[in-house]
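Single-structure report; data block below.
The values are calculated or read from the model by the stated rules, or taken from the named source; none is laboratory data. Please read these numbers as outputs of a predicted model, since none were measured by experiment. Cβ coordinates were reconstructed from backbone atoms using ideal geometry, including for glycine residues, and neighbour counts include every protein chain displayed.
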Amino acid sequence: MTNDELITKLKAIIAPYVQDEKAFENLTEDTDFINDLKVNSANLVDIILDIEDEFSIRLENEDMEKMLDVKAAMLIINTKLKT
Amino acid sequence: MIKEDIIKRLPYQAPFLFVDGIDAISENGITGHYRFKEDESFYEGHFKDHPITPGVILTECMAQIGLVCLGIFLLKDELSEVRKPQIALTSHQMDFYLPVLPNEKVTVISEKEVFRFNKLKCKVKMLNEKGELVCRGTISGMIKV
């Protein structure tokens, strides 16, 4: 999967939980889920559970702690997909 | 952990404690009850001369029993006198079917759907003394030590 394909998939997962639509339109790899998109902590869990379903991977507490922005999410997904 | 310990660990007190007792509890769900007293403060205003338990209070009762009591049970190994649970309601969706009047006893039945990364999401329903469905829905919250 290319990075563009991955971002497209991530955007579809994140969309229902975003509070700041403008930040979502301008989403880049540096976009932070909580500070930029204003996602709340419970919805961040929803995003992680949806990522698990979409990519058929299992995320652990340490992944959750690292998954603060788009870049980190992409890195974790790519790492899990390779193992 | 015995059922009374769970109620003792709840971070609420009168006039905002809506749990009288726990009837059954497991890793997968909880059943508990509460009787709305005739002199609950909100009956004075909801409604004028026509006391009916507000839907937000029914939802609160369901959250206290269905989410917070269950959450304390799920976290029991990590809790102590000094390590108390931190809780926050994050979302709920509720449908209401019947009114609850002063002095009515309700039973709350909650089934755990998800408990991961500190988020607890449950399917919750409330029954009246006749066993009729009062309301049902989904409640989510964050709970951690």
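Structure notes:
- The set of residues in region A:27-70 being of a type in the set (S, T, N, Q), within 11 Å of another protein chain (Cβ to nearest Cβ) and more than 17 Å from A:Lys80 (Cβ to Cβ) consists of A:Asn40, A:Ser41, A:Asn43.
- Output for region B:36-74, where each listed residue is within 30 Å of B:Phe115 (Cβ to Cβ) and charged (D, E, K, R): B:Glu60
- When region B:1-29 is limited to residues that are part of a loop (DSSP other than H, G, I, E, B) and hydrophobic (A, V, I, L, M, F, W, C), the one that is surrounded by the most Cβ atoms within 10 Å (Cβ to Cβ) turns out to be B:Phe18.
- One residue stands out in region B:40-56 among those that are free of Cβ contacts under 8 Å to residues at least 12 places away in the same chain and in a loop (DSSP other than H, G, I, E, B): the one that is surrounded by the fewest Cβ atoms within 10 Å (Cβ to Cβ), namely B:Asp49.
- Helices (runs of 4 or more DSSP H) fully within region A:9-83 counting 1 or more residues that are hydroxyl-bearing (Ser, Thr, Tyr) and either at pLDDT 95 or above or within 21 Å of B:Thr90 (Cβ to Cβ) (or both): A:41-55
- Evaluation of B:Glu113 against (1) closer than 30 Å to A:Met64 by Cα; (2) exposed (fewer than 12 other Cβ atoms within 10 Å of the Cβ); (3) acidic (Asp, Glu) (one fails), failing number: (2)
- Residue match in region B:117-128 (condition: within 13 Å of chain A (Cβ to nearest Cβ), touching a helix residue (DSSP H, G or I) at 6+ places or on another chain (Cβ under 6 Å) and without any contact (Cβ under 8 Å) to a residue 24 or more places away in the chain): yes
- Residue in region B:101-109 that is assigned to a helix (DSSP H, G or I) and of a type in the set (D, E, K, R) present: no
- Single match in B:Met62, B:Met142, B:Met94 (criterion: more than 13 Å from chain A (Cβ to nearest Cβ) and farther than 14 Å from B:Gly32 by Cα): B:Met94
- Any hit, region B:71-89, residues being more than 13 Å from every other protein chain (Cβ to nearest Cβ), closer than 30 Å to B:Glu44 by Cβ and of a type outside the set (D, E, K, R): no
- Qualifying residue in region A:19-26 (condition: away from chain B (no Cβ under 14 Å), among the aliphatic types (A, V, I, L, M), out of contact with any Gly (no Cβ under 7 Å at 6 or more places or on another chain) and touching a residue at least 40 places away in the same chain (Cβ under 8 Å)): no
- Leading residue by the ranking (surrounded by the most Cβ atoms within 10 Å (Cβ to Cβ)) among those in region B:62-81 that are small (Gly, Ala, Ser) and assigned to a helix (DSSP H, G or I): B:Gly66
- Among residues of region B:81-103 that are without any contact (Cβ under 8 Å) to a residue 40 or more places away in the chain, those with a beta-carbon under 9 Å from a residue that is surrounded by 14 or more Cβ atoms within 10 Å (Cβ to Cβ) and part of a strand (DSSP E or B) at least six positions away or on a different chain give the pairs B:Tyr97/B:Val134; B:Tyr97/B:Cys135; B:Tyr97/B:Arg136; B:Leu98/B:Val134; B:Leu98/B:Cys135.
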